[in-house]
Amino acid sequence: MWGVMYLFDTDTICNVFKKRPSKTLLDHIEHLDSDQQFLSTITIFEIVYGARKSDHPEKHLRNLDKILLPSLHILEFDLQAVYMAGHICAGLEQAGQTLSLPDIQPNSFHRYC
């Protein structure tokens, strides 16, 4: 079982790679222990998808392969996470609420980690 975990989403990762990233964000990440830094397979999918649609796909994919993947722990959207996502989705529907699947998936990691 992990202690405090920071699961970076696509917006956070994109901000880090901007020409002018948020200084506050960079300062915060700089003070995190590497054992606390995580990236999900869902976020990796979103990064690859966005890279392929961009004007510079090779650059973005190179950043993913050479910088992000070697530096962060990867949380896989595995069978346990799939089950949890299904439970979350059904529970929200029963309560009369909805949430998109991309928003439910990261929460399913949080529930079982």
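The values are calculated or read from the model by the stated rules, or taken from the named source; none is laboratory data. Everything quoted here is computed from the prediction, not taken from an experiment. Virtual Cβ from ideal backbone geometry, glycine too; neighbours counted across all protein chains shown.
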Residues of segment 47-63 being of a type in the set (D, E, K, R) and part of a helix (DSSP H, G or I), in sequence order, are ARG52, LYS53, GLU58, LYS59, ARG62
Contact list, first residue from segment 81-104 and in contact (Cβ under 8 Å) with a residue 40 or more places away in the chain, second anywhere and in a helix (DSSP H, G or I), beta-carbon distance below 8 Å, six or more apart or interchain, is PRO102/ILE42; PRO102/GLU46
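Here is a yes/no grid of residues against (1) exposed (fewer than 14 other Cβ atoms within 10 Å of the Cβ); (2) assigned by TED's automatic domain parsing to the domain that holds ASP103; (3) not aliphatic (A, V, I, L, M):
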{"position": "GLY3", "(1), (2), (3)": "yes, no, yes"}
{"position": "THR12", "(1), (2), (3)": "no, no, yes"}
{"position": "LYS18", "(1), (2), (3)": "yes, no, yes"}
{"position": "HIS28", "(1), (2), (3)": "yes, no, yes"}
{"position": "ASP35", "(1), (2), (3)": "yes, no, yes"}
{"position": "PHE38", "(1), (2), (3)": "no, no, yes"}
{"position": "VAL48", "(1), (2), (3)": "no, no, no"}
{"position": "LYS53", "(1), (2), (3)": "yes, no, yes"}
Filter segment 70-80 for residues that are in contact (Cβ under 8 Å) with a residue 12 or more places away in the chain and part of a helix (DSSP H, G or I); the one that is nearest to ASP9 (Cα to Cα) is SER71
Of (1) over 13 Å from the mean Cα position of the chain (by Cα); (2) in a helix (DSSP H, G or I), CYS14 satisfies every one except (1)
